[in-house]
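One structure is given below, encoded as structure tokens.
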Amino acid sequence: MTKDKLHWYMDAIFYEVHVRAYCDSNGDGKGDIPGLISKLDYIKELGVDCIWILPIYPSPLKDDGYDIADYYSVHPDYGTIDDFKNLILEAHKRGLKVIADLVLNHTSDQHPWFQKSRSDPNSKYRDYYVWSETDEKYENTRIIFLDTEVSNWTYDEVAGMYFWHRFYSTQPDLNYDNPEVVKEMMNVMDFWLDMGIDGFRADAVPYLIEREGTNCENLPETHEILKQFRKHLDEKYEDKILLAEANQWPVDVRPYFGEGDEFHMGFHFPVMPRIYMAMRKGDTSPIHWIMSQTPEIPENTQWCIFLRNHDELTLEMVTEEERQWMWSEYAPDPRMRLNLGIRRRLAPLLDNDQQKILLANALLYALPGAPIIYYGDEIGMGDNIWLFDRNGVRTPMQWNDSINAGFSKANPEDLYAPVIDSPEYTYKKVNVAVERQDPESLLNKMRHLVSVRKSHPIFAVGDFEFLAQDQTSFLAILRTLEEQNVICIHNLTGEEKSIELDLSNFSGRRLINLLEESEPDTITEKKQSYILKPHQFLWMRVTD
Ligand code: GLC
């Protein structure tokens, strides 16, 4: 595939930040926008291109801000609209883009629309939500928050009816059969786009429309609505993006790209657990398989790929047997499990083993798509499985070894969540200041990997092909973009292994190591053989 034009998002690297968790500028124990601004230089140094910030809107925080009570303002914990404008300005000054969450599917039950909807049957807001006299409609629809919810319907005493919700019962779903709702959300988009934001990560998009007899996910009517949002964006703005959160199989995500007229980007959920599976088994098959199930996408679109995010490591897109296996391998303590997933961070999942963490990132970066780094994973932060819900992977960023990890000047008991201080992951050892100084730190190695990935757009948009598929302990990938070729080999096992690659197509040419200085290798007619240490990887560029 040759991408006609390399749009900025195609070879971007994203960095996901929770403002509450990043840096507290006013000593109230909660991170805020001015705090984030003060750390933009750090983010820039990491080498990423775009920051994705989690919801910063006024909210009762029953779902950490994904329950929005006002789409046109900033939660007072985080700052003001002026702070937000300043964030965009300062980010843009540094060549960083910013996208934010657009929560389309539902609001908080505290939103004035819902308050009017439930209390006044004659108000226009009654039809903004999905009401029913019975709780027996749409029975084929699964429940997502299995740990807390027993139904997608909740009875509301005020309205005397049931309302529909795909997430917590404090998050009523909006009614997208009502064109007024679509218009409201377009206004919301405009408000933030006019302020200079570079786009949105659109939350929970498969669930906009409900229809009897279906599972109420990915319906054609939902796609029609989403296309209207895209059309609106294209008519008014340039170079802004919509990124779809659709936790679905690739074949069901494919329609979210439309014919290049729906989303610019979509998360590739199912590849994520398979990277962990492949590494734990020392076997490439899960990755080979999921990539064989991944359809081509339109030229102006891109996958977004990730190892972790602010939610549990979701196991929705695996078989029941695979889920049980993942739980037994990666979540031996039942407390580590949540809904259909695992509430742990990258470093603890990979035994705090730097080489494994780098390998997981290398595997991700060697695949087509735009990678996302979850804040703190670049320094190998730990988690706290004892905190409520998913809060254990949203603890304060660890900046240095001073009180509160340099995150806040508040009293430690006033922090929104305790900093990680377990023997293995204590902020006294795992922090930005220490890692900055150490050339061998995870942070510095991640920076290097990011910079190699960034300086070769072939990783983002080149064609890809698996090599040596019979040698299952190695993931070997050939990337191709026009005349350029890159070969990536990854030893998935904890043992030193040798691999033979037939590169006779490139016979007479040379291979340059992209990751470290070494003598170029000349490719011969015979098979090339490599010996790789446990979890080692090698990325090489073919040259004359
Ligand atoms: C998305 C978010 C998650 C949130 C849910 C409901 O899946 O990633 O954090 O709880 O939507 O808004």
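Is it the case that the range 207-219 has a residue that's within 16 Å of the ligand (Cβ to nearest atom), surrounded by 18 or more Cβ atoms within 10 Å (Cβ to Cβ) and without any contact (Cβ under 8 Å) to a residue 40 or more places away in the chain? Yes, that holds for at least one residue. Name the residues in the range 205-238 that are over 20 Å from E139 (Cβ atoms) and not in a helix (DSSP H, G or I), would you? Passing the criteria: Y237, E238.
Checking I357, I373 one by one, the residue that is under 28 Å from L481 (Cβ atoms) and in a strand (DSSP E or B) is I373 and no other. Please tell me if M279 is under 30 Å from E495 (Cβ atoms), assigned to a helix (DSSP H, G or I) and in contact with a strand residue (DSSP E or B) (Cβ under 8 Å, 6 or more places away or on another chain). It is false that M279 is under 30 Å from E495 (Cβ atoms), assigned to a helix (DSSP H, G or I) and in contact with a strand residue (DSSP E or B) (Cβ under 8 Å, 6 or more places away or on another chain).
Select from the range 146-179 the residues that are buried (at least 17 other Cβ atoms within 10 Å of the Cβ) and of a type in the set (F, W, Y) and write down the one among them that is farthest from the chain's Cα centre (by Cα). My answer is Y162. When restricted to residues that are in contact with a Phe, Trp or Tyr (Cβ under 8 Å, 6 or more places away or on another chain) and not in a strand (DSSP E or B), the range 465-501 contains 2. The criterion of at least 2 residues that are closer than 30 Å to Y9 by Cα and out of contact with any Pro (no Cβ under 6 Å at 6 or more places or on another chain) is met by the following strands (runs of 3 or more DSSP E) wholly inside the range 93-195: 97-103. For the range 180-193, the criterion of being out of contact with any strand residue (DSSP E or B) (no Cβ under 6 Å at 6 or more places or on another chain), surrounded by 15 or more Cβ atoms within 10 Å (Cβ to Cβ), more than 18 Å from I68 (Cβ to Cβ) and not charged (D, E, K, R) is met by none of the residues. Here K3 passes the criteria (1) at pLDDT 95 or above; (2) crowded, with 17+ Cβ neighbours inside 10 Å except the one numbered (1).
Considering every residue within the range 448-464, establish whether at least one is part of a strand (DSSP E or B) and closer than 28 Å to I290 by Cα. The answer is yes, given that some residue of the range 448-464 is part of a strand (DSSP E or B) and closer than 28 Å to I290 by Cα. State yes or no: is L36 more than 16 Å from the ligand (Cβ to nearest atom), at pLDDT 95 or above and within 23 Å of R345 (Cβ to Cβ)? Yes: the conditions hold for L36. In this structure, does E435 turn out to be surrounded by fewer than 15 Cβ atoms within 10 Å (Cβ to Cβ) and either touching a strand residue (DSSP E or B) at 6+ places or on another chain (Cβ under 6 Å) or acidic (D, E) (or both)? No: the conditions fail for E435.
Within the range 121-131, track down each residue that is in contact with a strand residue (DSSP E or B) (Cβ under 7 Å, 6 or more places away or on another chain), away from the ligand (no atom under 16 Å from the Cβ) and hydroxyl-bearing (S, T, Y). Within the range 121-131, Y128 is the sole residue that qualifies.
Looking at T134, T107, just one residue is hydroxyl-bearing (S, T, Y), within 16 Å of the ligand (Cβ to nearest atom) and under 21 Å from A159 (Cβ atoms), and that residue is T107. Might you let me know whether the range 432-441 holds any residue that is assigned to a loop (DSSP other than H, G, I, E, B) and either at positive phi or among the charged types (D, E, K, R) (or both)? Yes: the range 432-441 contains one or more residues that are assigned to a loop (DSSP other than H, G, I, E, B) and either at positive phi or among the charged types (D, E, K, R) (or both).
Restricting the first member to the range 259-281 and to residues that are in contact (Cβ under 8 Å) with a residue 60 or more places away in the chain, and the second to residues that are of a type in the set (K, R), the beta-carbon pairs closer than 8 Å and six or more apart or on different chains are F263/R230; M279/K356.
The single residue among I81, I56 that is among the β-branched types (V, I, T) and either surrounded by 15 or more Cβ atoms within 10 Å (Cβ to Cβ) or modelled with pLDDT under 95 (or both) turns out to be I56. Tallying residues that are surrounded by fewer than 22 Cβ atoms within 10 Å (Cβ to Cβ), touching a helix residue (DSSP H, G or I) at 6+ places or on another chain (Cβ under 9 Å) and of a type outside the set (D, E) within the range 28-42 yields 6. Of the residues making up the range 516-535, those that are surrounded by fewer than 15 Cβ atoms within 10 Å (Cβ to Cβ) and assigned to a loop (DSSP other than H, G, I, E, B) are E516, E517, S518, E519, P520, T524, E525, K526, K527, K533. Among the residues making up the range 148-174, those that are away from the ligand (no atom under 12 Å from the Cβ) and of a type in the set (D, E) are D156, E157. Of all the listed residues (R274, R335, R344), the sole one being part of a helix (DSSP H, G or I) and surrounded by 21 or more Cβ atoms within 10 Å (Cβ to Cβ) is R274.
Selection of first residues in the range 101-112 that are acidic (D, E) and of second residues that are more than 10 Å from the ligand (Cβ to nearest atom) and part of a loop (DSSP other than H, G, I, E, B), restricted to Cβ pairs under 7 Å at least 6 apart or on distinct chains, gives the following pairs, ordered by first then second residue: D109/T170; D109/P172.
Exactly one residue out of R126, R142 is surrounded by fewer than 17 Cβ atoms within 10 Å (Cβ to Cβ), at pLDDT 95 or above and among the basic types (K, R): that is R142. Among the residues of the range 81-104, the one identified as over 17 Å from the mean Cα position of the chain (by Cα) and within 14 Å of the ligand (Cβ to nearest atom) is L104.
Filtering the range 60-78 to residues that are surrounded by 15 or more Cβ atoms within 10 Å (Cβ to Cβ) and aromatic (F, W, Y) leaves Y66, Y71, Y78.
The values are calculated or read from the model by the stated rules, or taken from the named source; none is laboratory data. It should be emphasised that the depicted structure is a prediction, and the values quoted were computed from it without experimental measurement. Cβ coordinates were reconstructed from backbone atoms using ideal geometry, including for glycine residues, and neighbour counts include every protein chain displayed.
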